[in-house]
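Since the structure comes first, as structure tokens, the remarks are kept for the end.
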Amino acid sequence: MPKITEAKIAILATDGFEQAELTVPLAKLKQAGADVHVVSLEAGTIKGWDKDHWGDTVPVDRVLSDVKVADYDALVLPGGQINPDKLRAEDSAVTFVREFFNSKKPLAAICHAPWLLIEAGVIEGRDVTSYNSIKTDVKNAGGNWMDKEVVVDKGLITSRNPGDLEAFVAKIVEEVQEGPHQQRQAA
């Protein structure tokens with residue numbers, strides 16, 4: 001089993017990510033010893049959304065076109081309404097999410113980020129949660145929606161909102177240390 005201190009984790013995001021849903025996992029996973037990269041569509045910085053206004057910028061470590069699924073042990077998808085909506089319209093982001101899911105490595109999505117899972121076609125038949133307002137979207141895509149702070153289905157980790165971040169990050173660490181979930185069916 002891989003140690004968190006040896007893990008490389010990607011956080012895929014663009015402008016409009018919910019501030020805490022990127023910055024808290026980034027900080028806590030780094031504190032746990034993981035090598036964490038913020039991956040985005042373009043180089044430079046991306047700007048967060050902090051509850052009801054624009055938040056802080058975060059530097060982009062890698063551009064999506066320059067990374068491969070094989071580079072990482074886990075993928076984290078922060079939410080917010082803007083960020084996942086923009087990413088699900090980008091074929092390269094959707095393809096990366098689908099390929100990551102099919103690699104059987106841990107994949108974590110919080111808040112509105114399950115929109116990316118829906119677009120990638122990986123949610124059908126899986127136990128998941130999300131922000132309450134997209135519950136119908138998740139169900140219509142075939143997901144088994146649950147109202148819990150964190151739901152895990154063979155390495156697919158989902159949470160509802162920033163209030164769930166402690167459990168979300170703890171489950172990411174646990175799943176990374178378990179390694180790939182070979183029993184997970186590809187999408």
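The values are calculated or read from the model by the stated rules, or taken from the named source; none is laboratory data. All of these numbers come straight from a predicted model, not from anything done at the bench. A quick note on method: Cβ atoms are made from the backbone with ideal geometry, for glycine too, and the neighbour counts reach across all protein chains shown. Ligands, DNA and RNA are stripped out before the accessible areas are found, and what is left, the full protein with its side chains, is counted by its heavy atoms. Shrake-Rupley method; radii C 1.70, N 1.55, O 1.52, S 1.80 Å.
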Practice task
Test each condition in (1) in a helix (DSSP H, G or I); (2) touching a residue at least 40 places away in the same chain (Cβ under 8 Å); (3) out of contact with any strand residue (DSSP E or B) (no Cβ under 7 Å at 6 or more places or on another chain) for L22 and report the one that comes out false.
Solution key: (3)
Practice task
Would you be able to tell me the number of residues in region 18-36 that are of a type in the set (D, E, K, R), open to solvent by less than 50 Å² (accessible area, probe 1.4 Å) and touching a Lys or Arg at 6+ places or on another chain (Cβ under 7 Å)?
Solution key: 0
Exercise for the section: Test G80 against the criterion of being within 24 Å of S133 (Cβ to Cβ), within 13 Å of the chain's Cα centre (by Cα) and not β-branched (V, I, T), and give yes or no. Expected result: yes
Problem - Verdict on P78 being open to solvent by less than 50 Å² (accessible area, probe 1.4 Å), of a type outside the set (A, V, I, L, M) and either under 17 Å from L29 (Cβ atoms) or at pLDDT below 95 (or both) - result: yes
Practice task
Go through region 57-99 and count every residue that is assigned to a helix (DSSP H, G or I) and of a type in the set (G, A, S).
Solution key: 4
Practice task
Name the one entry in D71, D15, D50 that is surrounded by fewer than 18 Cβ atoms within 10 Å (Cβ to Cβ) and over 23 Å from E175 (Cα atoms).
Solution key: D50
Completion exercise
By residue number, the members of region 90-101 that are under 16 Å from the mean Cα position of the chain (by Cα) and more than 20 Å from L156 (Cβ to Cβ) are E90, S92
Practice task
Give me the pairs, please: first residue somewhere in region 86-98 and closer than 12 Å to A113 by Cβ and open to solvent by 60 Å² or more (accessible area, probe 1.4 Å), second residue anywhere and at pLDDT 95 or above and not in a loop (DSSP other than H, G, I, E, B), beta-carbon distance under 9 Å, and either six or more positions apart or on two chains.
Solution key: K86/A93; R88/V94; R88/V97; R88/W115; R88/L116; R88/I118; R88/E119
Practice task
Select from region 143-187 the residues that are among the polar types (S, T, N, Q) and under 19 Å from W115 (Cβ atoms) and list them in ascending order.
Solution key: N144, T158, S159, N161
Fill in the blank from the handout: Of the listed residues (V39, V63), the one being open to solvent by less than 20 Å² (accessible area, probe 1.4 Å) and touching a residue at least 24 places away in the same chain (Cβ under 8 Å) is V39
Handout entry: helices (runs of 4 or more DSSP H) completely within region 100-187 that count 2 or more residues being hydroxyl-bearing (S, T, Y), open to solvent by 10 Å² or more (accessible area, probe 1.4 Å) and at pLDDT 95 or above
Key = none
